[in-house]
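Notes to accompany the following structure.
The values are calculated or read from the model by the stated rules, or taken from the named source; none is laboratory data. What you are looking at is a predicted structure, and each value in this text was computed from that prediction instead of being measured. Glycine gets a Cβ as well: all are built from the backbone with ideal geometry, and neighbour counts include every protein chain shown.
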């Protein structure tokens, strides 16, 4: 998710070294710098680590929310998640088709709804400027033949919705479901690079 | 001085003649092509057509009919752009006027009816291992397909690859024409799968890394590598890459395009699936049997994700 911006993290050892170079002092104490002498002394005495705990939690929360914000402002990551969602939704019905799992109408309907919802959202996640980077496997044709790309999503969405109405039992599932997921290969052929 | 010049000139002549001789296109022998005269079986030929993946390159791009073989698909490689020719039954623009022996020489020796080398973008390196009977059947089937007018464009290659004669050197290095001999210690399914993969389906042509001259690195056959068309990375399909897959997983992928995770294969593999889906399930199972038997081989290192 964060692939495009490799975080430039320094280890504690690096910081200690840096501190030594600047201040010529090996007595590097994080707590002294962050929380002042008193806290450092408390810590040295083995006192409560309350402040540290709060600090850690706050950092963690800030980190998590920034990751979430990044996902929202990062169409590549978001569309990759969405595509993963499609394959996850397809797994159970796929196993049912192969007879590896008993037929479950409710699960099939849930998957079809995921397909239909995804088909509405996905085409908006390929804006100009997201052609490369972040390990995207989207081929340039997504942008050079946008009309067809969007038409294929629309057809997939319409097929999924039609199947929601027509699939009522195992027989209608076996008759109609393969036609819906045939769209996966049909679209990947033109718009996705080979992936290992 | 004149003697020296004359000597150099004759040496150059001899050298060029040797080069000319060793790079000459080599055809099948008369006794080999005799078997082709019996005429082929159309139904069996259709099967060879799908197994060999002919339509993937030769069908007219931009339409869905896999029997319209007008050619024109561009294959962009580091050597230049290859254009798949018209192999429809059109007598002038396609191969309607060809004999079965012409087709056999093209598919198994990489030589045109005019006696010129074909570039190995056409996987005759694989078809060379096929049975001649299969070529005869394929010819019978191709003759039943519609004639499509219009010749495909010529290839657009960089020098020195643009000189066809040099393909003769390439063939000396990389073309192996020995037929596949059944391995009696293996099952019928395994042998069938090997024949389908290594003599017709040409899986290894994409699923292997290639050297600077475009020859398959034989030690890393089937171990994947960069996509020859620069569209991603072709997966390793030895046990190294398919270790966690069952035979039925492999067979399922060939028939439907879906991986065990219900991901769907993309790019040219999606088209390969269309060919494989047209085969009987027993053939896909046989290929899975063979592919799953490939020992684990490390492929070339993948570039870092970007």
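For this structure, a couple of remarks:
- Residue count for the stretch A:116-141 satisfying the condition of being closer than 23 Å to residue A:158 by Cα and within 12 Å of chain B (Cβ to nearest Cβ): 2.
- Filter result for residue B:82 (in contact with a strand residue (DSSP E or B) (Cβ under 6 Å, 6 or more places away or on another chain), over 15 Å from residue B:148 (Cβ atoms) and modelled with pLDDT of 95 or more): yes
- Residue among B:140, B:154, B:158 that alone is farther than 26 Å from residue B:90 by Cα and more than 14 Å from the chain's Cα centre (by Cα): B:158
- Checked against the criteria, residue B:224 does not count as surrounded by fewer than 19 Cβ atoms within 10 Å (Cβ to Cβ), at positive phi, within 10 Å of chain A (Cβ to nearest Cβ) and touching a strand residue (DSSP E or B) at 6+ places or on another chain (Cβ under 7 Å).
- Selection status of residue B:43, over 30 Å from residue A:190 (Cβ atoms) and surrounded by fewer than 16 Cβ atoms within 10 Å (Cβ to Cβ): yes
- Condition check for residue B:228: modelled with pLDDT of 95 or more, within 25 Å of residue A:139 (Cβ to Cβ) and touching a helix residue (DSSP H, G or I) at 6+ places or on another chain (Cβ under 8 Å): no
- Selected residue [under 23 Å from residue B:130 (Cβ atoms) and modelled with pLDDT under 95] from B:243, B:214, B:201: B:214
- Taking the stretch B:228-282 as the region of interest, the helices (runs of 4 or more DSSP H) fully inside it that hold 3 or more residues being at the interface with another protein chain (Cβ under 7 Å from one of its Cβ atoms) and within 19 Å of the chain's Cα centre (by Cα) are B:268-277.
- Taken over the stretch A:91-106, the criterion of being within 13 Å of another protein chain (Cβ to nearest Cβ) and free of Cβ contacts under 8 Å to residues at least 24 places away in the same chain is satisfied by A:91, A:92, A:95, A:98, A:99, A:100, A:101.
- Scan of the stretch A:134-151 for residues that are under 19 Å from residue A:84 (Cα atoms) and either exposed (fewer than 14 other Cβ atoms within 10 Å of the Cβ) or touching a strand residue (DSSP E or B) at 6+ places or on another chain (Cβ under 7 Å) (or both), ordered by number: A:137, A:138, A:139
- Selection within the stretch A:175-184 - surrounded by 14 or more Cβ atoms within 10 Å (Cβ to Cβ) and in contact (Cβ under 8 Å) with a residue 24 or more places away in the chain: A:177, A:180, A:181, A:183, A:184
- Test result for residue A:80, surrounded by fewer than 20 Cβ atoms within 10 Å (Cβ to Cβ) and either in a helix (DSSP H, G or I) or out of contact with any helix residue (DSSP H, G or I) (no Cβ under 8 Å at 6 or more places or on another chain) (or both): yes
- Residue check for residue A:163: away from chain B (no Cβ under 14 Å), in a helix (DSSP H, G or I), buried (at least 20 other Cβ atoms within 10 Å of the Cβ) and at pLDDT 95 or above: yes
- Residue in the stretch B:283-306 that is farthest from the other protein chains (Cβ to nearest Cβ), counting only those that are part of a loop (DSSP other than H, G, I, E, B) and more than 30 Å from residue A:77 (Cα to Cα): B:293
- All conditions but one from (1) away from chain A (no Cβ under 11 Å); (2) surrounded by fewer than 23 Cβ atoms within 10 Å (Cβ to Cβ); (3) in a loop (DSSP other than H, G, I, E, B) apply to residue B:204; the one that does not is (3).
- The number of residues in the stretch A:166-186 that are assigned to a helix (DSSP H, G or I) and more than 23 Å from the chain's Cα centre (by Cα) comes to 14.
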